[in-house]
Structures are given as structure tokens and as C-alpha cells.
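The values are calculated or read from the model by the stated rules, or taken from the named source; none is laboratory data. All of these numbers come straight from a predicted model, not from anything done at the bench. Note that each Cβ is placed from the backbone with ideal geometry, even for glycine, and that neighbours are counted across all protein chains shown. Calculation scope for accessible area: heavy atoms of the full protein, side chains included, ligands and nucleic acids excluded. Shrake-Rupley method; radii C 1.70, N 1.55, O 1.52, S 1.80 Å.
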Amino acid sequence: MLHNDITNNKRIEEIDFARGIAILLMILFHLIVDLKDFYFYNVDYFRGFWYIEGKLSAILFMFLCGISSTLSFRSTNHGIKVFTWAMVLTAVTYFYNSDFYIRFGILHFLGISLISARFIQQLSIRWLFSLSITSITLGLIFAERFVNSPYLFPLGLQSATFTSLDFYPLFPWYGVFLAGIIAGKTVYAAKKSSLTLHPPQAITWLGRQSLAIYLIHQPILLALLYVIHGK
């Protein structure tokens, strides 16, 4: 998500298309969340199909962001921009509900990942693969434990009282980002499209506007639901 994969002023359309699919999956998931949380629809997004659908969207964003970081020289600047917007969302959600706000959501994760990309992608494929597996393994281990410190949550180490409206810590998710870097350095080593077919432009357009859509889609969804339900 949220990254311009531009090489020699030419976009790689299949990456934009895949990011557009991720955007659509995200919007659908957040629609389900809003229907459940605000209008008490009988749906469950903590498990089953909708849980998987939401995680698939996030994983696709992370993986594509890793690929895109190998195709652009502006990953650091873009990461700073994404992380800044993440902190804006933290502030907005804190003022809305100080007990349950976004402490380290997907924008925080992607921002830090992009900032690190310029340095980490210099490693060999073997090292990147090892670090990816290690990151995922640590995340699985950390998820089973609580710590006393309330400040280690960006690593995936939560205190017993930790809450976050959106939560994607570095471990295990950095492993997915690293997998994207590996794909970028191998599949897109020539920094050009690997397909001859052109995907639907409506979806690729969504992929090109991913950050803007991420930031505005939730207020639009809530406004539409308010109009539909009359409250």
C-alpha cells in the first residue's frame, strides 16, 4: 500500500492492480466492521471468513509495499510521509476514544518498514529470507506472551492491558514485507512489468491512489451508512 512503484516514469501495472484489489478488500472489511460495531449486524470479523478476508488485504498491502520499495528511490521519504499520517490517525482516534485508539496500526508498520527498506534491501536474498522467517517466528512467540512494559508493543510484545483499534506490530509482519523485498529483487530485478496483458484500469487507478483512499474511505463509509439507516 501507499507506495509509488515508478521506474523511469513508468508504472508497473500489475502491482497497481494488485494494490487496487487490496484496497477493495480493505473497504469491504471495514464495511463489515462498521455494520457490526455501529449498526449491530450479526457478523463476526474476529474469526472465520471475514477475519481471513481482512488479514488477506493487510498481507497483500505489506507484500506489495516490499516489492515497491525495491523499485523506487524515494522509500525513505515516502515512509516518513506514511508514518506522519499514521500519527495523525493516532491523534484523531485518541480524541474519539482515548481507551481504544490506533497505537500501532498498518500505517505505522508500513511507514517504519519503508524507512528501513533502503538499508535492509542491500542484504543478500539468503539473509532476507532468514530474517523473514525469523521475524514471523518471533511474532508467533511474542503473541503467546505478555510483558510488564507498556512500550514494547511495536515489536509485538503486549502488556496485559494493551488495546489498539488497529494493530500490526513489526513481528511477525515485517517478515511479509521482507518477502516482498525478495520478490522485488528477483521477479522485478529488471524493474519492469513481467506481464503483457493490461489489467482493468479502474482497479489500477485505485491502486495508484491507495494512501488517499485509505485516509478518506472510512468517513465516506460511515456517512453512507448513516444515510441508508437514517441514523
Scan region 95-117 and give yes if some residue there is at pLDDT below 95, more than 15 Å from the chain's Cα centre (by Cα) and open to solvent by less than 10 Å² (accessible area, probe 1.4 Å), otherwise no.
no
Give the residue, chosen from 191, 185, that is within 21 Å of residue 121 (Cβ to Cβ), open to solvent by 50 Å² or more (accessible area, probe 1.4 Å), touching a residue at least 40 places away in the same chain (Cβ under 8 Å) and part of a helix (DSSP H, G or I).
185
Note on region 206-231: residues of a type in the set (A, V, I, L, M, F, W, C), under 16 Å from residue 22 (Cα atoms) and in contact with an Asp or Glu (Cβ under 9 Å, 6 or more places away or on another chain) are 206
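Scan 138, 178 and give me the residue that is under 21 Å from residue 114 (Cα atoms), assigned to a helix (DSSP H, G or I) and free of Cβ contacts under 8 Å to residues at least 40 places away in the same chain.
138
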Somewhere in region 149-171, is a residue out of contact with any Leu (no Cβ under 6 Å at 6 or more places or on another chain), of a type in the set (S, T, N, Q) and part of a helix (DSSP H, G or I)?
no
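Results for (1) modelled with pLDDT of 95 or more; (2) under 15 Å from residue 210 (Cβ atoms); (3) open to solvent by 60 Å² or more (accessible area, probe 1.4 Å); (4) in a helix (DSSP H, G or I), shown as yes or no for each residue.
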{"site": "3", "(1), (2), (3), (4)": "no, yes, no, no"}
{"site": "20", "(1), (2), (3), (4)": "yes, yes, no, yes"}
{"site": "26", "(1), (2), (3), (4)": "yes, yes, no, yes"}
{"site": "35", "(1), (2), (3), (4)": "yes, no, no, yes"}
{"site": "51", "(1), (2), (3), (4)": "yes, no, yes, yes"}
{"site": "58", "(1), (2), (3), (4)": "yes, yes, no, yes"}
{"site": "67", "(1), (2), (3), (4)": "yes, yes, no, yes"}
{"site": "72", "(1), (2), (3), (4)": "no, yes, no, no"}
{"site": "91", "(1), (2), (3), (4)": "yes, no, no, yes"}
Evaluate the following for residue 221: is it touching a helix residue (DSSP H, G or I) at 6+ places or on another chain (Cβ under 6 Å), open to solvent by less than 70 Å² (accessible area, probe 1.4 Å), in a helix (DSSP H, G or I) and of a type outside the set (Val, Ile, Thr)?
yes
Going through region 139-152 one residue at a time, which ones are surrounded by 18 or more Cβ atoms within 10 Å (Cβ to Cβ) and under 19 Å from the mean Cα position of the chain (by Cα)?
139
Quick test of your reading of the structure: residue 86 fulfils all but one of (1) open to solvent by 10 Å² or more (accessible area, probe 1.4 Å); (2) within 28 Å of residue 100 (Cα to Cα); (3) free of Cβ contacts under 8 Å to residues at least 40 places away in the same chain. Name the failing condition by number.
(1)
Selection from region 37-49 of residues that are out of contact with any Leu (no Cβ under 8 Å at 6 or more places or on another chain), open to solvent by 70 Å² or more (accessible area, probe 1.4 Å) and part of a helix (DSSP H, G or I):
37, 49
So which residues in region 208-217 are open to solvent by less than 60 Å² (accessible area, probe 1.4 Å) and either farther than 16 Å from residue 58 by Cα or without any contact (Cβ under 8 Å) to a residue 60 or more places away in the chain (or both), if there are any at all?
212
